[in-house]
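Heads up, the thing below is written out as structure tokens.
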Amino acid sequence: MTIQPKLQVTGYRGIWGETLTEEIIRKFVGAYISFIKEDVKKNNPTILIGRDGRESGLEIKKIIIDKLSKTGVNLIDGDILPTPTILFAVRKHKYDGAIIITASHNPKEYNGIKFVTNQALLTNEAQVEIIKKYCEEENIQDVVFGSLGSRDGDGQREFSTENSRASKNNILDIPPFPKEHADAIISNINLEAIRARKFKVAADMINASACVIDPYLFEQLGAELIPLNNIPDGKFAHRPEPAVENLEDIGHLVKESGADIGFAHDPDADRLVIVDETGKVISEDYTLAFGVKNILSKHPGENVVMNLSTSSMVSDIVEKYHGKCFRTKVGESNVLEGIQKNKAIIGGEGTSGVIYPAINTSRDGFVSLSFALELLAERKQTVSECVATLPKYYMKRDKWPVSENLNDIYQKLKTHFKDAEVNELDGLRLDFSDKSWLHIRPSITEPIIRLFGEAKTPERVEALFNEAKLTLNS
């Protein structure tokens, strides 16, 4: 079953040429500019445009630039930039907004757009609804744009003025965004300790936006970089979601090269997965756990925000350092709102994303890797030694087709698991006295429900999943 995507807090994603078309892009971009002009009270706002490196991204960018050129907008064409770099740039340079061309971890045939406000935040639920209302007023035009850039004989990406960055009167000069972002991270970490460790690091950049910042950042960190998939041509060498089953190559590279640690990015570089010194890809839940431990060990008692599906490993770390944990609905913008509301020092989502508001207002893979290196350097530990010090839980994720009304599903589970603590902030979360839990929520991109669960033993989490499935099938 194919469903037409919708604009969500995660943006709009679709298959280029099918569920994502020029008409859809023009409609949403025009509506977004109407929203921004009203929001910042300017007729000529300054908007940054960036893309994650996908092959369809250049054509989409040309469509966006053509649309914006008719609206009086001042453009800054950043071309290939990580999502966290774009958010960082909006805040640093006080731009009025940004458009990010990305489909995050979706397969290569997908692309999408995300919208950023003048607060350097991704649009939230209320703002998305305003943009949708402006969509009704948009007139659609049909224009076809040119080809992608070329590669030279050495396999390096060649970005000509014609093919990569626009050159029109309303295009403003381009600051060195990746360097600015990396330098800000460096100024917030123990650079001396990291450099003294002289890490040997393997990094899978998935032929996308991480390629524009990783080499500089690792050089500044004093690390020897062993790059993998480091040409930003969008020709993904494997499925781009940084999941264990997709990361065999980086695991082999770490083991064969004798690297101390490995990192795997997703295409827009907001997510990061860690590989230990033996080549084992550790669970994505450890990315946030490493970051929270690194920060709270220096700043005990602070607030931390995470979503309802994040591992209890993280909340246990918060408790150890006398902090307070707040949980939100799933979605980066929801976590960011929680961070601001609760004045949290750090937050994030279990799907390998750290948000550290002192540096950035988004999940940031480069902050994540820097915090991981800082933690290991200061404690003089390997990755596996650090993992062994953390609380141990077993997480399971699954998805099921929607066969009945969601409220009926929730009611069946609440009735069956009558001793569980119920949380209905985002779908249904059931917490049990042995610190195991289940979280059931609808997908916003597929006609399915997602089921997350965790327990102290793999047997317990499997039993919970089986019991839930039997309950729903009864």
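It is to be established whether one or more residues within region 318-330 are surrounded by fewer than 24 Cβ atoms within 10 Å (Cβ to Cβ), within 28 Å of Leu438 (Cα to Cα), among the aromatic types (Phe, Trp, Tyr) and free of Cβ contacts under 8 Å to residues at least 24 places away in the same chain. Yes - at least one qualifying residue is present in region 318-330.
Name the single residue that is farthest from the chain's Cα centre (by Cα) among those in region 429-453 being among the hydrophobic types (A, V, I, L, M, F, W, C) and surrounded by fewer than 19 Cβ atoms within 10 Å (Cβ to Cβ). Walk me through it before giving the result.
Pass one, region 429-453, residues among the hydrophobic types (A, V, I, L, M, F, W, C): 430, 432, 437-438, 440, 444, 448-449, 451-452.
Cutting the leftovers down to surrounded by fewer than 19 Cβ atoms within 10 Å (Cβ to Cβ) gives us 432, 444, 448.
On the way: Phe432: 30, Ile444: 16, Ile448: 21 Å.
So, considering only residues that are among the hydrophobic types (A, V, I, L, M, F, W, C) and surrounded by fewer than 19 Cβ atoms within 10 Å (Cβ to Cβ), the one farthest from the chain's Cα centre (by Cα) is Phe432.
Within region 178-201, the set of residues being within 20 Å of the chain's Cα centre (by Cα) and either of a type in the set (A, V, I, L, M) or in the same structural domain as Leu375 (by TED's automatic domain parsing) (or both) comprises Ala182, Ala184, Ile185.
Within region 198-224, count every residue that is under 15 Å from Ser370 (Cα atoms) and either among the polar types (S, T, N, Q) or buried (at least 18 other Cβ atoms within 10 Å of the Cβ) (or both). Spell out the reasoning first.
Taking region 198-224 first, the residues under 15 Å from Ser370 (Cα atoms) are 198-203, 210, 213-224.
Going one step further and asking which of them are either among the polar types (S, T, N, Q) or buried (at least 18 other Cβ atoms within 10 Å of the Cβ) (or both), we end up with 199, 201-203, 210, 213-214, 217-218, 220-221, 223.
Here the count works out to 12.
So, of the residues in region 386-428 that are more than 29 Å from the chain's Cα centre (by Cα) and polar (S, T, N, Q), which turns out to be modelled with the lowest pLDDT?
As a first pass, look at region 386-428 and keep what is more than 29 Å from the chain's Cα centre (by Cα): 403-405, 407-409, 411-421.
From what is left, the residues that are polar (S, T, N, Q) are 403, 405, 407, 411, 415.
Working: Ser403: 72, Asn405: 87, Asn407: 92, Gln411: 95, Thr415: 96.
Step by step, filter region 386-428, then rank; the result is Ser403.
Among (1) surrounded by fewer than 16 Cβ atoms within 10 Å (Cβ to Cβ); (2) at pLDDT 95 or above, which single condition is Arg363 missing? Failing condition for Arg363: (1).
Note on region 234-252: residues that are over 20 Å from Phe290 (Cβ atoms) and in contact with a Gly (Cβ under 7 Å, 6 or more places away or on another chain) total 2.
Lys456 meets the conditions (1) over 24 Å from Leu272 (Cα atoms); (2) surrounded by fewer than 14 Cβ atoms within 10 Å (Cβ to Cβ); (3) not aliphatic (A, V, I, L, M) in every case but one. The failed one is (2).
Quick one: which of Lys94, Lys114 is charged (D, E, K, R), closer than 19 Å to Pro357 by Cβ, touching a residue at least 40 places away in the same chain (Cβ under 8 Å) and in the same structural domain as Lys42 (by TED's automatic domain parsing)? Write out each step before concluding.
Numbers: Lys94 fails: touching a residue at least 40 places away in the same chain (Cβ under 8 Å).
When all the criteria are applied, what remains is Lys114.
Among helices (runs of 4 or more DSSP H) entirely within region 191-261, having at least 1 residues that are of a type in the set (Val, Ile, Thr) singles out 191-197, 248-257. When region 393-408 is limited to residues that are assigned to a strand (DSSP E or B) and hydrophobic (A, V, I, L, M, F, W, C), the one that is surrounded by the fewest Cβ atoms within 10 Å (Cβ to Cβ) turns out to be Trp400.
Considering only residues that are in a loop (DSSP other than H, G, I, E, B) and acidic (Asp, Glu), which ones fall in region 275-298? Give the derivation first.
Pass one, region 275-298, residues in a loop (DSSP other than H, G, I, E, B): 276-280, 282-284, 297-298.
Scanning region 275-298 gives Asp276, Glu277, Glu284.
Filtered by the rule that a residue be more than 25 Å from Val212 (Cβ to Cβ) and among the hydrophobic types (A, V, I, L, M, F, W, C), region 17-54 gives Ile24, Phe28, Ala31, Ile33, Phe35, Ile36, Val40. Residue-level check: of (1) modelled with pLDDT under 95; (2) under 27 Å from Val335 (Cα atoms); (3) touching a Ser or Thr at 6+ places or on another chain (Cβ under 8 Å), Pro107 misses just (3). Look at (1) under 26 Å from Pro442 (Cβ atoms); (2) touching a Leu at 6+ places or on another chain (Cβ under 9 Å); (3) polar (S, T, N, Q) and you find that Asn405 fails only one, number (2).
Comparison of Gln340, Gln381, Gln411 shows that the only residue that is surrounded by fewer than 24 Cβ atoms within 10 Å (Cβ to Cβ) and touching a residue at least 12 places away in the same chain (Cβ under 8 Å) is Gln340. Scanning region 1-20 for residues that are in contact with a strand residue (DSSP E or B) (Cβ under 8 Å, 6 or more places away or on another chain) and either modelled with pLDDT of 95 or more or surrounded by 15 or more Cβ atoms within 10 Å (Cβ to Cβ) (or both) yields Pro5, Val9, Thr10, Gly11, Tyr12, Arg13, Gly14, Ile15, Trp16, Leu20.
For Ser69, state whether it is closer than 30 Å to Ser352 by Cβ and either touching a Phe, Trp or Tyr at 6+ places or on another chain (Cβ under 9 Å) or assigned by TED's automatic domain parsing to the domain that holds Arg26 (or both). Before the answer, list the steps.
Details: closer than 30 Å to Ser352 by Cβ: no; either touching a Phe, Trp or Tyr at 6+ places or on another chain (Cβ under 9 Å) or assigned by TED's automatic domain parsing to the domain that holds Arg26 (or both): yes.
When the stated conditions are applied, Ser69 does not pass them.
Please pick out the residue among Leu413, Leu438, Leu390 that is assigned to a strand (DSSP E or B), in contact with a helix residue (DSSP H, G or I) (Cβ under 7 Å, 6 or more places away or on another chain) and over 30 Å from Val212 (Cα atoms). Even if it seems obvious, please write down each step before you answer.
Working: Leu413 fails: assigned to a strand (DSSP E or B); Leu390 fails: assigned to a strand (DSSP E or B).
That would be Leu438, the only listed residue that is assigned to a strand (DSSP E or B), in contact with a helix residue (DSSP H, G or I) (Cβ under 7 Å, 6 or more places away or on another chain) and over 30 Å from Val212 (Cα atoms).
At least 2 residues being over 16 Å from the mean Cα position of the chain (by Cα) is the threshold, and among the strands (runs of 3 or more DSSP E) wholly inside region 317-379 those reaching it are 324-328.
The values are calculated or read from the model by the stated rules, or taken from the named source; none is laboratory data. Quantities reported herein were computed from a predicted structural model and do not represent experimental measurements. Cβ: placed from backbone, ideal geometry, glycine included. Neighbour counts: every protein chain shown.
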